[in-house]
Amino acid sequence: MMYQSTRDHRNHASASRAVLDGIAADGGLYILDDLAALDFDWRAVLEEDTMGMSEKILAALLPDFDDMGALVQRSYAGKFETDALTPVVHVGDRHVLELFRGPTSAFKDVALSVLPQLITAAREKEGVTDEIVILTATSGDTGKAALEGFHDVPGTRIIVFYPHGGVSAVQQAQMTTQVGGNVCVCAVRGNFDDAQTGVKNIFAACAGQDLGGVQLSSANSINIGRLVPQIVYYFKAYAELVDAQRIKAGQPVHFVVPTGNFGDILAGYFAKLLGLPVGKLVCASNANNVLTDFIHTGVYDRRRPFHKTTSPSMDILVSSNLERLLYLLSGCDNAYVAGLMEQLKTEGRYEITAEMLSKLHAEFECGCCSDAEAAAVIGKVWRENGYLLDPHTAVAWAVADAFMAKRTDDAPVVVLSTASPYKFPDAVLRALGEEPCDDEFAVMEQLRALTGVPVPKNLASLREAPVLHRDVIDKEDMLEYVLRKVGEKQW
Ligand SMILES: *Cc1c(COP(=O)(O)O)cnc(C)c1O
């Protein structure tokens with residue numbers, strides 16, 4: 001079973017190769033052409049606990065890895081707040097899938113706990129002796145979760161770029177205090193798209209180059225090893241609804257997903273292709289609503305202002321993983337996808353065919369929400385349900401409101417919750433009608449005093465941690481920075 005580049009059918013790779021490379025040599029993303037054709041018993045998977053589900057799903061999609069059970073244990077055991085990893089909480093008329101109970105209180109922990117283990121195993125499998133250097137651009141959460149996953153993993157180093165002034169004080173502290181002999185954190189003057197484009201350009205510039213005992217790879221959600229572990233929590237949520245007798249196995253469930261790079265929601269589509277009875281996948285955006293417009297009209301147009309919002313992990317104009325969906329919707333037409341991506345690069349826009357648009361509408365719905373609406377939702381859900389939402393989850397909640405008002409069935413609605421409210425204490429406190437003080441750590445304490453919701457341990461201890469990383473560079477200098485760092489023996 002081979003992974004295939006979305007852009008050129010001649011470029012394919014084993015699962016372990018795809019995990020090591022991150023991105024295909026032609027700039028495309030690795031994907032399996034036909035998930036529905038896999039030998040996969042989704043009903044049997046629902047009977048497993050979370051670890052068992054992870055093992056079965058990872059083994060099915062990444063078949064050349066040995067002993068996936070042990071790999072999953074190494075990834076998760078003891079690192080999350082609960083054995084369920086991603087618990088479901090019933091709040092009002094819907095269900096909240098809490099994806100933020102991991103070591104950095106972000107949903108990205110779910111995948112980034114596994115990826116380092118996959119990369120280490122793939123390195124052995126492929127007989128790679130080179131050191132793997134992970135390059136990651138982050139809008140805030142990926143960076144810390146990747147650092148946490150990779151620090152001191154033998155055979156790997158990691159460089160994280162984040163937009164200077166574009167992440168919250170808590171997120172910044174999470175990254176700049178990261179310990180580990182193999183980690184490097186650097187701010188880039190620019191926004192997230194600049195940092196992400198910079199990383200993509202470095203991969204392109206270094207492709208086929210001899211970097212002297214080093215191979216570059218990615219921890220961004222373009223890596224298939226990031227995407228596959230995210231399929232699991234859709235099964236987990238579904239199984240919990242069956243156990244709670246809210247549905248019978250086989251009945252549909254809708255999922256509303258706060259979306260940025262389109263990885264989280266795409267994993268839901270993969271779950272559906274594997275047989276899970278997923279109803280609609282509802283793509284929720286903030287004021288950066290390029291995906292809302294795309295899903296409505298079939299026109300993707302990035303030529304628009306970039307908004308800094310209270311949900312910064314969704315402040316994205318180019319959603320990388322959408323390329324994988326385009327590939328599947330086009331019937332695996334590489335040349336067509338390559339053409340769209342070229343158009344996006346040169347003209348800043350593309351339009352899909354009417355046939356693809358109708359396929360898209362069969363599976364996906366969408367909506368967007370302003371910061372003010374998200375704040376109102378945080379206040380309302382706290383007052384009415386005593387449940388504290390972070391601003392990303394609040395965006396999804398607001399979009400779920402609109403979705404539920406116009407739908408014609410009564411299937412359960414699951415809202416994916418992607419961050420702890422304590423990662424964005426300023427915005428959350430304001431939404432509750434209180435004025436935050438200047439120091440974001442003191443604001444965490446203000447929020448705790450007001451709500452009584454406990455602060456996750458990893459965030460509570462941040463304040464005392466020493467800052468270890470202070471580099472700030474221009475976006476034009478990212479390549480040079482990486483080459484220099486890679487050349488240094490000791491960080
Ligand atoms: C990354 C992230 C998202 C967006 O997920 P994608 O997979 O990039 O669509 C949403 N919320 C939070 C808190 C995130 O960190």
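Accessible area per residue for region 422-491 is 59 Å², calculated with a 1.4 Å probe on protein heavy atoms, without ligands, DNA or RNA. Over the chain, DSSP H runs of length four or greater, each weighted -39,500 (n - 2.57), average out per residue to a 222 nm ellipticity of -13000 deg cm²/dmol.
Rolling a 1.4 angstrom probe over the chain with all protein chains present gives an accessible area of which 49% lies on carbon and sulfur atoms. Taking 19 Å as the straight-line reach from the Cα of K200, the lysines in range (excluding those fewer than 8 positions away in the same chain) are K345, K475, K485.
Put +1 on the Cβ of every Lys and Arg and -1 on every Asp and Glu Cβ in region 175-258; which of F192, F255, T176 then has its Cα farthest towards the positive end of the dipole? Of the listed residues, the answer is F255. Computed on the chain, with alpha-carbon pairs under 8 angstrom and 6+ residues apart, the relative contact order is 19 percent.
Calculated accessible area for region 132-180 comes out at 20 Å² per residue, all protein chains present (probe 1.4 Å; ligands, DNA, RNA ignored). Accessible surface computed residue by residue for region 1-88, with neighbouring protein chains in place and a 1.4 Å probe, gives 44 Å² per residue.
Cβ-Cβ distance of E351 and R383, R₀ of 51 Å, FRET efficiency by 1/(1 + (r/R0)^6): the value works out to about 0.75. Applying a DSSP loop filter and a limit of 11 other Cβ atoms within 10 Å to the trypsin sites (Lys or Arg not before Pro) in region 1-78 leaves R10.
Bridgeable lysines around K280 (alpha carbons under 19 Å apart, same-chain partners fewer than 8 residues away excluded): K236, K248, K272, K359, K406. Annotation: cysteines of the chain without a disulfide-compatible partner (Cβ-Cβ under 4.7 angstrom) are C184, C186, C206, C332, C368, C369, C437.
Using C-alpha pairs under 8 Å with a sequence gap of at least 6, the mean separation divided by the residue count of region 35-150 gives a relative contact order of 20 percent. The magnitude of the dipole of the chain, with charges of +1 and -1 set on the Cβ of Lys/Arg and Asp/Glu and taken from the Cα centre, is near 240 debye. Note on D301 and D409: the extension gain reaches 35.6 nm, defined as 0.36 nm multiplied by sequence separation minus the Cα-Cα distance. Here is the list for region 28-123: GluC sites (Glu not before Pro) lying in DSSP coil, each with at most 13 other C-beta atoms within 10 angstrom of its C-beta, are E47. Shape of the chain from the C-alpha gyration tensor: rounded (a/c under 1.5, with a ≥ b ≥ c the square roots of its eigenvalues).
The values are calculated or read from the model by the stated rules, or taken from the named source; none is laboratory data. All figures in this text were calculated on a predicted structure; none of them were measured in a lab. Here the Cβ is made from the backbone with ideal geometry for all residues, glycine too, and neighbour counts use every protein chain on show. Each accessible area value is taken on the protein alone, full model and side chains, heavy atoms only, with ligands, DNA and RNA left out. Shrake-Rupley method; radii C 1.70, N 1.55, O 1.52, S 1.80 Å.
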